[in-house]
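First comes the structure, then the notes that go with it.
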Amino acid sequence: MNAKPLPVRSPRSPLSLRQHNLQEQWKQLQCETGASPVRLRRFWRDRDRPFWRSDAEIYRWLSARFLSAGENFLVIEVAREGLTWFPENWRLRHALALAYARCGATVEAGRQLRFLRKTTLALDAAALGEIHGLSGRIHKDLWNLALTEEERAKHLRLSARRYYEAFLQTGAQSFYLGVNAAAMTFLASQQPQGQQLAAKTLELCQQEIASGKKADYWLLATIAECELMLDKPPEAVRKSYQQAAQILGDGQRADAAATRRQARWLLAAKGQDSQGLDDCWRRPAVVLFAGHMTDLPGRPAPRFPVGAVDQVAAAIAQELARLDAAVGFSSAACGADLLFLQAMQRRGAETHVLLPMDRAEFRRMSVERPGDPDAAKWSQQFDAALDHATSVTELTESALPAAGVIFDYANRVLHGMARQKALGLDLPLRPLVVWDEQPGDGPGGTAGCVQNWSRSARVSIVTPRRLAPADGPSPTPDADSLIPRRDASGDQLEILAALAIKFGHEASVATEMPHFLQAVADALAPWKKMAVHHAVQGARIELIFRNVEAAAHVALRLLAQMRAGDRFWENGLRMGIHAGPIAFTRQSLLGVDEPVGDHARKASHLRDLALWDDRKPQVHASRESAALLSIDESAHGLRCEYQGLYDWGAPYGEQAIYSVRFKNSPR
């Protein structure tokens with residue numbers, strides 16, 4: 001592929017060498033069809049913003065690559081920055097809309113689509129067809145999310161119609177639109193019409209190949225999908241899908257997931273095993289990891305002896321090979337975590353690191369431990385692992401007194417983030433631990449991870465003592481370090497969820513507030529036993545619950561009441577949810593418990609951001625709350641939709657924001 005040259009400034013400019021290196025790097029990446037997400041993320045992270053502003057193509061190219069890799073959040077980040085400099089670039093806005101659709105944020109995707117339709121009338125037929133095809137994609141997502149048969153049938157028909165109209169708009173020359181029109185028509189119980197469209201699309205693909213065009217993944221996958229609808233022999237269909245899958249790169253996992261899902265739908269419609277073609281694609285694992293730190297000298301009951309480090313490292317590498325690990329989520333403590341990250345990075349895999357607290361504090365507590373003779377070695381490995389990580393997330397500004405609860409919180413958020421990734425890429429989630437198979441020393445340890453993670457998947461275990469048996473008694477938990485959970489009257493740290501509400505405008509508060517408080521009480525009633533604290537200050541209300549599910553249900557019930565009553569609706573409503581470790585302290589003046597700490601304030605900060613349209617209230621949630629809710633969506637009937645990265649101001653900086661909905665809520 002011939003890379004489009006980036007504009008170069010005068011050789012006298014001090015940035016010339018950097019620009020030259022960027023141009024060479026971009027040329028190299030453009031020539032690699034499936035460049036790894038790790039390299040793409042680094043390219044984005046190290047960008048020279050003033051230089052990028054000179055050309056929209058680099059934003060468009062990178063957003064397209066991130067779409068193929070399934071990095072939808074980064075697509076939104078790239079496209080939004082690009083659109084600040086190139087607001088009329090329709091391809092950037094198209095990528096933004098598609099990324100929102102893939103995140104499940106169909107409302108925002110539809111808003112972007114409507115904007116495109118209003119501002120791109122002068123484009124050629126092919127471009128307009130591509131834009132209007134987005135409507136088919138959005139209805140396809142809504143069909144997949146709908147709970148009732150009536151809703152499913154409605155969105156399936158609309159998806160088929162929109163794809164078909166877009167296909168005709170291109171003069172029936174787009175095989176992408178053709179195969180989607182065929183598939184959705186086929187699925188809408190109109191198989192003869194779907195097969196006619198499939199035959200037409202297959203003919204287009206054959207013409208592309210006959211013209212000498214190099215067959216890329218989408219061309220070969222379209223041929224396979226058409227053959228499936230046209231009842232070609234099963235072995236021929238399988239061979240076509242395998243040929244497409246063989247040319248996939250690591251940076252095209254989302255492309256594979258999209259094709260695989262559509263093949264499943266078509267097989268089910270034909271009355272065949274929906275997973276009958278899954279083995280045509282490599283489906284590497286997303287690995288969720290936790291493990292012990294190495295033992296400090298003098299530990300009475302060996303758990304991870306220093307003498308077992310090499311054996312544990314080899315066992316981790318062996319497990320990763322067996323699992324075909326491609327994406328990893330873990331923390332970065334000395335011992336098992338760093339051995340895992342090192343093994344994953346040697347495989348060229350993605351590594352997403354989550355630190356329970358800021359980097360310096362975590363280094364002090366979990367890497368450079370006092371009394372550890374290997375502290376310097378672990379510190380070097382920590383720096384290297386984070387430098388090569390795909391992403392690094394720090395959850396809490398600083399360590400809180402009950403460190404075990406902080407680590408327990410991090411492990412739960414880590415689980416949710418890994419599950420979000422696995423679902424988005426249609427990959428299996430495989431928990432792996434380095435564990436001595438004994439009860440832990442308190443909350444936040446590996447034993448707790450095994451207990452929580454084993455509820456949804458089989459946990460693979462590497463046991464250090466079996467690899468390097470040590471003399472001495474069997475490990476037992478250290479009773480002195482156990483951290484009790486907070487009861488209603490205690491002052492210990494606990495993972496709780498804060499819901500912050502703001503109602504109305506100043507002029508309306510005095511007259512409407514009593515009615516609004518009654519509405520809050522009605523929404524709270526079914527979940528009152530889950531509430532542990534409340535405070536009312538003017539038009540602002542803070543509620544704290546024992547879990548994030550309760551906070552979300554109360555907020556959504558309140559939102560539904562607002563929609564049903566016009567007297568509240570026009571006055572505006574803002575709600576923010578954040579879950580995290582929250583402590584209570586006794587206020588000496590009034591003798592009441594008050595929540596303290598960063599996590600206690602974060603929901604209120606989210607609520608008060610000057611981002612929201614008061615005319616269209618939503619329930620907004622932090623990244624951590626969305627991760628916790630994603631662990632078991634089927635149990636609580638809630639879903640989170642990514643809204644984008646926003647500047648929260650000091651001390652939080654730029655953070656992700658989600659909206660929360662009932663799964664069956666109207667869009």
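The values are calculated or read from the model by the stated rules, or taken from the named source; none is laboratory data. Note that this is a predicted model, so its numbers are computed, not measured. Reconstructed Cβ throughout: ideal geometry from the backbone, glycine too, with neighbour counts over all protein chains shown. Side chains are part of the model used for accessible areas, which takes the heavy atoms of the whole protein and leaves out ligands, DNA and RNA. Shrake-Rupley method; radii C 1.70, N 1.55, O 1.52, S 1.80 Å.
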Percentage of interatomic Cα-Cα distances in the range 258-303 larger than 17 Å: 59 percent
Relative contact order of the chain, defined on C-alpha pairs under 8 angstrom at six or more residues apart (%): 9 percent
Amide H contacts under 5 Å for Glu394, placed H, 5+ residues apart: Leu355
The chain, accessible area per residue, ligands and nucleic acids excluded (1.4 Å, Å²): 44 Å²
Förster-model FRET efficiency, 35 Å R0, Asp48 and Arg261, C-beta, rounded to 0.05: 0.40
Calculated FRET value between Ala360 and Lys528, using beta carbons and R₀ = 51 Å, to 0.05: 0.80
q = 0.19, 0.23, 0.25, 0.32 Å⁻¹: log10 I(q)/I(0) that the Debye formula gives for the range 45-86, counting C-alpha atoms only: -0.49, -0.71, -0.83, -1.18
DSSP H segments from the chain that extend 27 Å or more along their own axis, Cα-based, with Kyte-Doolittle mean of -0.5 or above: 125-145, 403-425
Cα→Cβ-extended label distance, 7 Å offset, between Leu296 and Asp608, nm: 4.0 nm
Thr119-Asp632 pseudo-label distance in nm [points 7 Å out on the Cα-to-Cβ vector]: 4.4 nm
Relative contact order computed over the range 195-337 (Cα-Cα under 8 Å; 6+ residues apart), in percent: 19 percent
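Can you pull the percent of the range 276-434's accessible area that's carbon plus sulfur, 1.4 Å probe, other chains left in place? It would help to have the intermediate numbers written out before the result.
Numbers: 2790 of 5530 Å².
Its accessible area is 50 percent carbon and sulfur atoms.
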Descending Cα extents along the principal axes, the range 133-241, whole Å: 44, 32, 23
Pair Glu150, Glu394: separation of 7 Å Cα→Cβ label points (nm): 5.3 nm
DSSP-defined antiparallel bridges as percent of all bridges, the chain, nearest 5: 60 percent
Relative contact order computed over the range 307-357 (Cα-Cα under 8 Å; 6+ residues apart), in percent: 40 percent
Residues of type aspartates and glutamates that Lys200 reaches as a straight line, Cα spacing below 17 Å, ignoring anything fewer than 8 places off in the same chain: Glu165, Glu208, Glu225, Glu227, Asp231
Calculated [θ] (222 nm, deg cm²/dmol) that DSSP helices of n ≥ 4 give over the chain, each run adding -39,500 (n - 2.57): -16500 deg cm²/dmol
